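Written out below as structure tokens is the structure these notes cover.
Read-outs throughout are calculated quantities, based only on the coordinates presented, and are distinct from any laboratory measurement. What you are looking at is a predicted structure, and each value in this text was computed from that prediction instead of being measured. Positions of Cβ are backbone-derived with ideal geometry, glycine not excepted, and every protein chain shown enters the neighbour counts.
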Amino acid sequence: MSEITRDVVIVGAGAAGLTAAHELQKAGLSVAVLEARDRVGGRLWTDTIDGAMLEIGGQWVSPDQEALIDTVAELGLETFSRYRTGDSVYVGPDGTVSRFTGDVFPVAPETERTIAEITERLDAMVAEIDPDRPYAHPRAEEWDTISWDAWLRAQTDDDEAVRNLAFATGSAMLTKPTHAFSLLQSLLMAASAGSYSNLVDADFILDKRVVGGLQQVPLLLAERLGEDVFLGQPVRTLEWSDAGVIARTDGMTVRARSAILALAPVLYTRISFVPALPRLQQQMHQHLSMGFVIKVHAVYDRPFWREQGLSGTAFSPYELSHEAYDNTNHGDERGTLVGFVSDRNADDVFRLSAEERKERILESLSHYYGPEAKNPVVYYESDWGSEEWTRGAYAASFDLGGLHRYGGDLRTPVGPIRFACSDLAGAGYQHVDGAIRMGRLVAHDIIEGNRT
Ligand code: FDA
């Protein structure tokens, strides 16, 4: 059992925790980062599976994500653009496959008009939302007490329009059924990316990747922190008072003046707080839950879809894999497709055997790309739902009504404890960019507090 003393103890070595630790260290404060897993990065994990380098967790960088872009540049990492030459594919309600370009799905003209009108309405609403204070909007309560699905269905009875509008923040982002979260939560998701239109523009939101993998961001930050990062150290107990904190793992005790909890909020309950967190936090944290999506990787001997003039970008609210993209690595001769299976669909396929699940998912990909999609040389499913220290993907969001009820309290410190995670962010919410922003914010709060 080792015992150390630092200015700040950081729980979690994901992008948020490592950013905070790095900022604090630069300001001359001493830190210890305690990480439950035997690796750093949390939801960023680049690994080689059967000879193929795969981004098991987060990977894409969009042009508005300035905090991430700065960090990537500062760490000397290079980016490359997602392959997007050629036609995208859409599968309609009767299984008809259509090719298209741009971000307007090839639907009937009336449906297209409806989608455009509602998108315009949504963009106007999103423009009024401050992503850091969505709960402060004058209509926050009204918009937080109607589900995303119910609001859309009140705008039109065109089911295809509703499904296409719903999935940008539903299956594609919050990864929960659209009846399970509010219109306000959906507007926050869009506001965090600048607009609803940005979210549905795959060329914007899924713009670039990092050569060699995005996990290099936490790996390089951890390298700078050196021996101040402790792996395999799940924090079990956090004692706190005005005098400071004592974090205890199975093998270590860290005494510090402040603590930063840089883990997904659904995991706060894994820590015993002594004394217990205040009533408000104990209640509030129960109203946040993880979405769930399976990220499917299929690697082929060549990017065969490109030969057919396809970009690899594919969407359908009627398909098991509601979206898929060309995810070929930089400089790789082989071709990789990445597909996503979200919420209820993900639950359903996890009730099948691994073989049946693979068959069903590849069948869905073949509807976009043809029968060759059924025969990858490497196949892998990122299943973050079974990861003890994450428990879902991509991130956490409030249940219906939770955002206006508790949003204003989410980041409020409790004594010497501060909270930082992508799941608490405004700009960059649920993304690595948001994690970095939250890490910087809490670090600067502590640094400022130290000066006064
Ligand atoms: P994160 O969860 O990464 O880190 C928290 C850390 O705390 C973990 O390392 C965990 O092990 C540790 N921990 C938990 N409990 C602990 C305890 N008791 N003691 C010690 N340590 C503890 N984003 C993006 O920008 N572009 C993208 O393309 C994607 N795509 C994507 C795909 C998939 C499949 C996933 C799962 C996620 C994404 N994301 C994404 C989201 C992005 O990866 C995510 O928002 C951030 O990496 C979260 O970083 P944080 O540091 O906030 O939490």
Counting other Cβ atoms within 10 Å, keep those with at most 10, restrict to DSSP loop, and tell me which chymotrypsin sites (Phe, Trp or Tyr not before Pro) in the range 345-435 are left. none
Ignoring the sites themselves, what is the longest stretch of the chain with no trypsin sites (Lys or Arg not before Pro) in a DSSP loop and at most 14 other beta-carbon atoms within 10 Å? 1-138
For THR253, what residues show an amide H to amide H distance below 5 Å, using hydrogens built from the backbone and excluding near sequence neighbours? SER2, GLU3, ILE4
Quick one: SER81, SER353, SER197, fewest Cβ neighbours within 10 Å first, how do they rank? SER353, SER81, SER197
Relative contact order (percent) for the chain, with alpha-carbon contacts under 8 angstrom and 6 or more residues of separation? 26
Only Lys, Arg (+1) and Asp, Glu (-1) charged, at Cβ; the chain dipole about Cα centre in debye: 1300
Separation of the range 207-223 and the range 228-298 by C-alpha centroid, Å? 24
What helix-only [θ] at 222 nm does the chain give? Using -39500 (n - 2.57) per DSSP H run of at least 4, over all residues, to the nearest 500, the answer is -9500 deg cm²/dmol
The range 234-249 - phi-based ³J(HN,Hα) in whole Hz, Karplus 6.51/-1.76/1.60, Gly and Pro as x: x, 6, 9, 9, 10, 8, 9, 6, 4, 6, x, 10, 10, 9, 10, 10
The long-range amide H neighbours of VAL33, using H built 1.01 Å from N in the peptide plane and a cut-off of under 5 Å, are ILE10, VAL229, PHE230
For the range 270-282, in residue order, the Karplus 3J(HN,Hα) values (coefficients 6.51, -1.76, 1.60; θ = phi - 60°; whole Hz; Gly and Pro = x) are 6, 9, 8, 8, 10, x, 4, 4, x, 3, 4, 5, 4
With θ set to phi - 60°, apply the Karplus curve 6.51 cos²θ - 1.76 cosθ + 1.60 along the range 64-76 and write out the HN-Hα couplings as whole Hz, x wherever there is a Gly or Pro. 7, 8, 5, 5, 5, 4, 4, 5, 4, 5, 4, 7, x
